[in-house]
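Engineer: Here it is, the structure in full.
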Amino acid sequence: MLNKPLLVESLIVFIAVLCVHTAVWDRYSWCAIALAIQAFYVQFKWDCLLQIGGAVFQFRTTANSGLLPASMVVPLLGIVMKERCKSAGIVFFKRFGIVVASTGMLVALFLSVIAVGITKPVPTNTCILTGIAGSIIIYTMKHSLTVSEVIEVLEVLLIFVYLSMILLYLLPRCFTPGEALLVIEGISFVLNQLIKRSLNVVESRGDPIDFFLLVTVVGVVLLGIIFTVLFLFMDSGTWVSSMFFHMMTAVLGLGVIMPWLYRLIQRNPLFWLLQFLFQTRTRVYLLVYWTMLAASACGVVFYQNAKRSSESKKHQASTITRKYFHFIVVATYVPGLIYDRQLLYIAAVLCLAVFIFLEYIRYFRIKPFGQTLRHLLSLFLDERDSGPLILTHIYLLLGMSLPVWLFPRPCAPNGTLSGAGALVPYSGVLAVGVGDTMASVLGSTMGEIKWPGTKKTFEGTMMAIFAQIIAVALILIFDSSVNLNSSYAWILGSVSLVSLLEAYTTQIDNLLLPLYLQIMLMV
């Protein structure tokens with residue numbers, strides 16, 4: 001029997017694909033439609049594999065596979081990036097958008113072929129659809145990509161295959177297939193770009209903040225893989241192992257990551273970072289303000305844990321309590337987006353590195369703080385944290401930061417896009433910080449009419465849409481760089497579509513919603 005919420009979620013994704021196709025109308029948008037149709041059918045095969053335990057790796061069981069919404073994110077991002085850079089006359093990033101779209105389609109097809117291949121009996125109709133979609137996409141790639149671009153696409157695919165085998169084996173039940181596709185594909189892109197730019201340092205001189213993001217992401221991922229393998233052979237909870245962890249972190253940081261970054265930016269990374277952070281008085285004020293917000297977030301954690309110790313019957317934080325952090329993140333990002341986006345870019349990268357490093361300490365029980373972190377963060381667990389890692393706070397940070405990191409700065413004259421695209425950096429703030437927060441808080445307290453087949457309420461969704469429209473109006477008032485050029489109807493439609501996706505998706509909404517809103521606004 002077909003799952004009605006899954007059908008509605010698929011319909012919402014198809015509407016997003018058709019919106020992009022209507023605006024772009026070229027061979028790549030036709031390929032996106034073919035990919036969406038085959039991903040819709042393959043998604044049910046993945047769901048069947050998850051239900052009977054036939055998947056090769058252990059995935060999160062409290063959600064469907066999420067293959068369709070995840071498969072379309074990277075191809076659609078590449079297509080809209082190509083169009084924006086084409087209209088701006090930036091040929092290099094137009095070609096890069098084509099590579100991104102092609103790679104996203106090929107990786108999604110690879111995941112589909114795996115599902116079809118391990119399904120017994122072999123689903124004939126789905127095989128035919130996958131073959132047709134694959135033929136269309138490969139034919140388009142053959143006539144669109146240069147030899148070097150084809151090699152780059154295949155490099156990302158190869159990295160994706162190896163990283164999938166490593167991470168899904170080491171981190172059981174942390175992802176659905178769709179979430180794994182998004183996360184591992186993103187890491188594969190970053191690693192490939194870092195290798196490519198490291199081998200062509202002279203030709204790839206760019207903004208140091210871009211290199212800082214690439215090196216940081218690859219560094220923390222490699223750090224986690226190395227320690228996971230090492231601690232298979234030794235107890236990570238002893239003082240000897242903890243000392244080894246801290247010393248090896250220092251060695252890898254100072255001996256590998258720092259020289260790597262030095263090679264890319266051609267200056268001392270620490271001196272560059274300090275000079276960048278304290279370059280203007282505005283940056284100093286923002287850093288002080290963000291430090292106060294970080295202290296308040298820590299205060300919420302300590303207060304809620306003290307409250308738990310006095311109320312032994314209450315073991316988990318409520319939805320409203322967890323949304324405190326959404327309010328704090330909104331208060332963090334909005335001033336950065338208005339006054340200094342480059343500082344926000346670097347601060348988000350540093351915060352991501354700190355979050356992942358603290359998660360390593362908690363997961364490996366590294367002394368002296370590992371056990372304390374386990375106790376403090378256990379209060380904020382929900383059904384999505386079913387694996388060995390706690391990822392919801394990292395997903396929240398990624399959801400707010402990805403629109404800032406993925407913003408095509410070279411293709412944006414004066415640092416901003418025209419029309420609805422001016423709101424692209426605010427996609428995380430609108431979709432997660434405002435929309436998701438208001439939907440959860442007001443839906444759980446006042447909502448009565450539930451969407452069919454879900455726990456989400458009609459009142460929560462309507463309030464999310466209304467709150468995001470109010471937020472857009474406030475952005476227009478306080479951010480003079482935003483000029484929507486009368487594209488209000490498109491913004492309303494985009495916000496409404498993403499709010500409906502929030503009501504029906506079972507994937508990590510902190511990660512998925514900002515990306516779809518960014519796609520819709522960039523169209």
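The values are calculated or read from the model by the stated rules, or taken from the named source; none is laboratory data. In this text the structure is predicted, and so the values were computed from the model without any measurement. Cβ: placed from backbone, ideal geometry, glycine included. Neighbour counts: every protein chain shown. With ligands, DNA and RNA removed, areas are computed over all heavy atoms of the protein, side chains included. Shrake-Rupley method; radii C 1.70, N 1.55, O 1.52, S 1.80 Å.
Engineer: Can you compute the FRET efficiency between THR372 and PHE478 using 1/(1 + (r/R0)^6), with r the Cβ-Cβ distance and R0 = 56 Å? Round to the nearest 0.05.
Structural biologist: The value I calculate is 0.90.
Engineer: Let me ask something else about it. Which order do peptides 236-249, 30-43 fall in by mean Cβ count within 10 Å, highest first?
Structural biologist: Highest-to-lowest ranking by the protection proxy: 30-43, 236-249.
Engineer: A further question on this structure: So if each residue of separation counts as 0.36 nm, and I subtract the Cα-Cα distance between LEU270 and ASN200, what length gain in nm does that give?
Structural biologist: 22.9 nm
Engineer: If the reach is capped at under 12 angstrom between alpha carbons, list the aspartates and glutamates near LYS82, excluding any in the same chain fewer than eight residues apart.
Structural biologist: Leaving aside aspartates and glutamates fewer than 8 places away in the same chain, those within reach of LYS82 are ASP26.
Engineer: Determine the calculated [θ] at 222 nm for the chain from helices alone, applying -39500 (n - 2.57) to every DSSP H run no shorter than 4 residues and normalising by the residue count; nearest 500 deg cm²/dmol.
Structural biologist: -24000 deg cm²/dmol
Engineer: Round to a whole number: what % of the accessible area of the chain belongs to carbon and sulfur, probe 1.4 Å?
Structural biologist: Accessible surface attributable to carbon and sulfur in the chain totals 70 percent.
Engineer: May I ask you to evaluate 6.51 cos²θ - 1.76 cosθ + 1.60, the Karplus curve with θ = phi - 60°, for each residue of the stretch 170-181 and list the ³J(HN,Hα) values in order in whole Hz, giving x for glycine and proline?
Structural biologist: Calculated HN-Hα couplings, in order: 7, 10, x, 6, 8, 9, 8, x, x, 5, 4, 4 Hz.
Engineer: On to the next question. Could you give the dipole magnitude of the chain about its Cα centre, charging the beta-carbon of Lys and Arg +1 and that of Asp and Glu -1, in debye to the nearest 20?
Structural biologist: For this selection, approximately 480 debye.
Engineer: Per-residue counts of other Cβ atoms within 10 Å, averaged by peptide: what ranking do you get for 12-22, 142-152, highest first?
Structural biologist: The most tightly packed comes first, giving 12-22, 142-152.
Engineer: What does the extension gain come out to for ILE132 and THR445, with contour length at 0.36 nm per residue minus their alpha carbon separation?
Structural biologist: Full extension from ILE132 to THR445 adds 107.9 nm.
Engineer: Just the Kirkwood number for the stretch 192-284, please: inverse of mean 1/r across all distinct Cα pairs, in Å, one decimal.
Structural biologist: Here the Kirkwood hydrodynamic radius works out to 15.1 Å.
Engineer: Obtain the nm distance between the two label points defined at ILE470 and PHE278 by a simple spin-label model: each point lies 7 Å from its Cα along the Cα-to-C-beta direction.
Structural biologist: So the label points at ILE470 and PHE278 sit 4.1 nm apart.
Engineer: Would you work out which of SER499, LEU67, TRP405 lies farthest towards the positive end of the dipole of the chain, given +1 charges on the beta-carbon of Lys and Arg and -1 on that of Asp and Glu, about the Cα centre?
Structural biologist: Toward the positive end, the furthest listed residue is TRP405.
Engineer: While we're here: Near the amide H of LYS456, under 5 Å away, which other amide H atoms are found, from residues 5 or more places off or on another chain, if H is placed in the peptide plane?
Structural biologist: Counting only residues 5 or more places away or on other chains, the set is TRP451.
Engineer: How are the Cα pair distances of the chain distributed, in percent, across 10 Å bins from 0?
Structural biologist: 4, 18, 30, 30, 16, 4, 0
Engineer: Strictly greater than 19 Å: what percent of every Cα pair in the stretch 314-369 meets that?
Structural biologist: 53
Engineer: For the stretch 1-194, just list the percent of Cα-Cα distances falling in each 5 Å bin from zero outward, please.
Structural biologist: Histogramming the stretch 1-194 at 5 Å steps yields 1, 8, 16, 20, 21, 16, 10, 5, 2, 0, 0 percent.
Engineer: Moving to a separate point now. Sort the following peptides by mean Cβ neighbour count (other Cβ atoms within 10 Å, averaged over residues), highest first: 400-411, 119-130.
Structural biologist: Result, highest mean first: 400-411, 119-130.
Engineer: Measuring with a 1.4 Å probe in the full set of protein chains, what accessible area per residue, in whole Å², belongs to the chain?
Structural biologist: Averaged over the residues of the chain, the accessible area is 45 Å².
Engineer: Additional query: Could you give the length gained on full extension between ILE225 and ILE338, defined as 0.36 nm per residue of separation minus the Cα-Cα distance, in nm?
Structural biologist: 37.0 nm
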